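See structure below.
The values are calculated or read from the model by the stated rules, or taken from the named source; none is laboratory data. Predicted, not measured: the structure shown is a model, and the values here were computed from it. Note that we place each Cβ from the backbone using ideal geometry, even for glycine, and neighbour counts take in every protein chain shown.
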Amino acid sequence: MSDVVAAVEDLHVRFPVRTASGKREVRAVDGVSFEITHGETLGLVGESGSGKSTTGLALLRLVNPSAGTVRILGEDVTSWPRRRLRALRRQVAMVFQDPQSSLDPRHSIGSSIEEPIRVHRLRDGTSARRARVHELLEQVGLPADAAARHPHELSGGQRQRVGIARALAGEPDLIVLDEPLSSLDVSVQAQIMNLLRQLQDDLGLTYLFISHDLAAVAHMSDRVAVMTSGRIVETGPAVEIYEHPRHDYTRALLAAIPPDTPAEARGRRANAEHRSPA
Amino acid sequence: MTEPVFSVRDLRVSVRTRRGLASIVNGVDLTVDPGRTLAIVGESGSGKSMTMLAATGLTPPGVDVDGSVRLLGTDLRTMRDRQLRAFRGRHVGFVFQDPLSSLNPLMTVGRQIGEAYQLLQGRSRADARRRSIELLDQVGIPEPEQRVDSYPHHFSGGMQQRVMIAMALACEPELIIADEATTALDVTIQAQVIDLVTQLQAKLGTSVIWITHDLSVVAGLADTVAVMYGGRIVEQAPVDELFERPVHPYTRALLAARPRIGDRSPLAAIPGSPPSPLQPPPGCAFYPRCSVRADARCATELPPLAPVGPGHLARTFYAGVADAVPGGSVS
């Protein structure tokens, strides 16, 4: 048995847009292929408009591919009828950038986490579902009494923990993490990265980690795919990509990482002047 | 000794909310020397943005501001509104996070860039247009003669931020205040905008206050860094000193928590989340999250901002036992 969880082949997503000069098409994703194996993290890194988020959405059919295939555990989900999408969205879960807007403000934390358990009939009976909610809260490092609270009573970091618990609730085969750190305070980002890695080790999770933050992607990912203009220009082990980038775009992206220390900043400036004696 | 361009003394800002009085800034002192860059680093709720808005008289109604602020030797806090607007417009340029919400979508970028120049310096419309073209060129926008008549939506996010910088420079201000100016930009564009600002600064001798949540962007651009937490400066130092010998447990923890490329071991995460301005902790604001807690007074007494090295101040009782591990873990 193959341990490939997700296999994307020649994926295209095109959106029609109207402009002053008439209708045209935007190729958000323009022929993307990759595989993610069980228990690994594939990092998808790119800038805004690169198509990285659209690629993530296509895995759940939250946008419909224009061409190509997406296989989850070997099954081509691009041809699945609407009624099977609910099952797909149990198999592939998503954690969004801003937990504030992805959680329903009127629902308690407990009922938000319980929803996928109920919808997908993963536990029978109220008490079994509650027990599962408490187990999930504990796994993401929230106190049991958080179940009765509402999103506005939590900090940003705690809300993102709820977003992760909700994603875990469906017992998914793959979790798409779309910029899960971007809306968090810097002092909280490391907590969430540690939590995601810990959960992966404990539960054998498989991640697609989508981010513009190269250092975070390097930290989180086994392999990295660099995306720009709807295409993947380079894929490889994280260390390999960062130490020996082959594509010009990857090099430009790496060069733009802010220096770690003032000394490194000066070194880079001296280097730049050396290379272009203007 | 040179006269500072900008100085703030004991600035305090509070806001009345339905849930009580929120003290957002609790006594901040800042000084910016000519041609230098001061970076103010803090997370959301640290008071970093409110400090600058209050100091420059840009707070909305309902916000109480106290303290003294001098720009080029003139006291801003005693000025009348009209006078303040003109003085600020002439001497301070602002660059905010989101250029699209700061630019008027119905006005060409040329008119927007030249507007202050025309109004505040009494120039003609033709002069203002020439100045706009010159500024667009200076911030690296290609074909400035054509682009001067374009509207903001014709520009990409990075180019819009260049337009904002051109606008900030129009009246040749002595001070530029950049508040999260690169936060909404892609990393490659961020690097370009930082380069542009540092180059222009070297050329024009402008002072810069760079406000950011991201400690890593300041390494390459600041002379001095002030770290804010819970409405106060908790550490201030020359940039090298801050990165090499951070003293405050918060600064040390922030530096240690950064992911490093090539190292996938668990990060030294800081537990908890930043304090609420509605319920500030009684002692050191970082106490509830601190792994050091070096002194019995930490929980109950506010540490003073005291010298710990050359030009280096820290608001902690821990300073006396600092062991200077660069970016090392504090545990």
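Numerical summary
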{"quantity": "Total residues in region B:254-273, condition within 7 Å of chain A (Cβ to nearest Cβ) and either buried (at least 24 other Cβ atoms within 10 Å of the Cβ) or assigned to a helix (DSSP H, G or I) (or both)", "calculated": "3"}
{"quantity": "Residue that is under 28 Å from residue B:88 (Cα atoms) and touching a helix residue (DSSP H, G or I) at 6+ places or on another chain (Cβ under 7 Å), where the choices are B:163, B:187", "calculated": "B:163"}
{"quantity": "Of all residues in region A:197-229 being touching a helix residue (DSSP H, G or I) at 6+ places or on another chain (Cβ under 7 Å) and part of a loop (DSSP other than H, G, I, E, B), the one that is nearest to the other protein chains (Cβ to nearest Cβ)", "calculated": "A:212"}
{"quantity": "Region B:191-238: number of residues that are surrounded by 18 or more Cβ atoms within 10 Å (Cβ to Cβ) and part of a strand (DSSP E or B)", "calculated": "18"}
{"quantity": "Filtered residues of region A:74-84 (kept if in contact with a helix residue (DSSP H, G or I) (Cβ under 7 Å, 6 or more places away or on another chain) and surrounded by fewer than 17 Cβ atoms within 10 Å (Cβ to Cβ))", "calculated": "A:80"}
{"quantity": "Cβ-Cβ under 6 Å pairs, at least 6 apart or on other chains, region B:73-92 side under 16 Å from residue B:59 (Cα atoms), far side modelled with pLDDT under 95 and in a helix (DSSP H, G or I)", "calculated": "B:89/B:116; B:89/B:120"}
{"quantity": "Condition check for residue B:244: in contact (Cβ under 8 Å) with a residue 12 or more places away in the chain and assigned by TED's automatic domain parsing to the domain that holds residue B:272", "calculated": "yes"}
{"quantity": "Test: residue in region B:8-26 that is surrounded by fewer than 17 Cβ atoms within 10 Å (Cβ to Cβ), touching a Ser or Thr at 6+ places or on another chain (Cβ under 7 Å), of a type outside the set (D, E, K, R) and assigned by TED's automatic domain parsing to the domain that holds residue B:172", "calculated": "yes"}
{"quantity": "Qualifying position, being within 14 Å of the chain's Cα centre (by Cα) and buried (at least 22 other Cβ atoms within 10 Å of the Cβ), among A:28, A:93", "calculated": "A:93"}
{"quantity": "Residues that are surrounded by 13 or more Cβ atoms within 10 Å (Cβ to Cβ) and β-branched (Val, Ile, Thr), drawn from region B:76-95", "calculated": "B:92, B:95"}
{"quantity": "Selected residue (only one of B:148, B:139, B:163 is over 24 Å from residue B:5 (Cβ atoms), aliphatic (A, V, I, L, M) and out of contact with any Gly (no Cβ under 8 Å at 6 or more places or on another chain))", "calculated": "B:163"}
{"quantity": "Any hit, region A:166-180, residues being within 12 Å of chain B (Cβ to nearest Cβ), within 14 Å of residue A:94 (Cα to Cα), of a type outside the set (Ser, Thr, Tyr) and in a helix (DSSP H, G or I)", "calculated": "no"}
{"quantity": "Only one of A:251, A:266 that is at the interface with chain B (Cβ under 9 Å from one of its Cβ atoms), out of contact with any strand residue (DSSP E or B) (no Cβ under 7 Å at 6 or more places or on another chain) and surrounded by fewer than 18 Cβ atoms within 10 Å (Cβ to Cβ)", "calculated": "A:266"}
{"quantity": "Checking residue A:183 against (1) in a loop (DSSP other than H, G, I, E, B); (2) out of contact with any helix residue (DSSP H, G or I) (no Cβ under 9 Å at 6 or more places or on another chain), the condition it does not meet", "calculated": "(2)"}
{"quantity": "Condition broken by residue B:282, with the remaining ones in (1) more than 13 Å from chain A (Cβ to nearest Cβ); (2) crowded, with 21+ Cβ neighbours inside 10 Å satisfied", "calculated": "(2)"}
{"quantity": "Extreme residue, nearest to the other protein chains (Cβ to nearest Cβ), among residues of region B:33-81 that are part of a loop (DSSP other than H, G, I, E, B) and among the acidic types (Asp, Glu)", "calculated": "B:43"}
{"quantity": "All positions within region B:96-147 that are surrounded by fewer than 15 Cβ atoms within 10 Å (Cβ to Cβ), assigned to a helix (DSSP H, G or I) and within 26 Å of the chain's Cα centre (by Cα)", "calculated": "B:100, B:101"}
{"quantity": "Hits in region A:236-248 - residues which are buried (at least 18 other Cβ atoms within 10 Å of the Cβ) and under 21 Å from the mean Cα position of the chain (by Cα)", "calculated": "A:238, A:241, A:242"}
{"quantity": "Selection within region B:236-253 - over 20 Å from residue B:302 (Cβ atoms) and facing chain A (nearest Cβ under 8 Å)", "calculated": "B:239, B:240, B:243, B:244"}
{"quantity": "Selection status of residue A:27, among the basic types (Lys, Arg), over 20 Å from residue A:77 (Cα atoms) and without any contact (Cβ under 8 Å) to a residue 40 or more places away in the chain", "calculated": "no"}
{"quantity": "Every residue from region B:2-22 that is in contact (Cβ under 8 Å) with a residue 60 or more places away in the chain and out of contact with any strand residue (DSSP E or B) (no Cβ under 6 Å at 6 or more places or on another chain)", "calculated": "B:3, B:17, B:19, B:20"}
{"quantity": "Answer residue from region A:176-189, given it is of a type outside the set (D, E, K, R) and in contact with a His (Cβ under 9 Å, 6 or more places away or on another chain) and is farthest from residue B:184 (Cα to Cα) among those", "calculated": "A:186"}
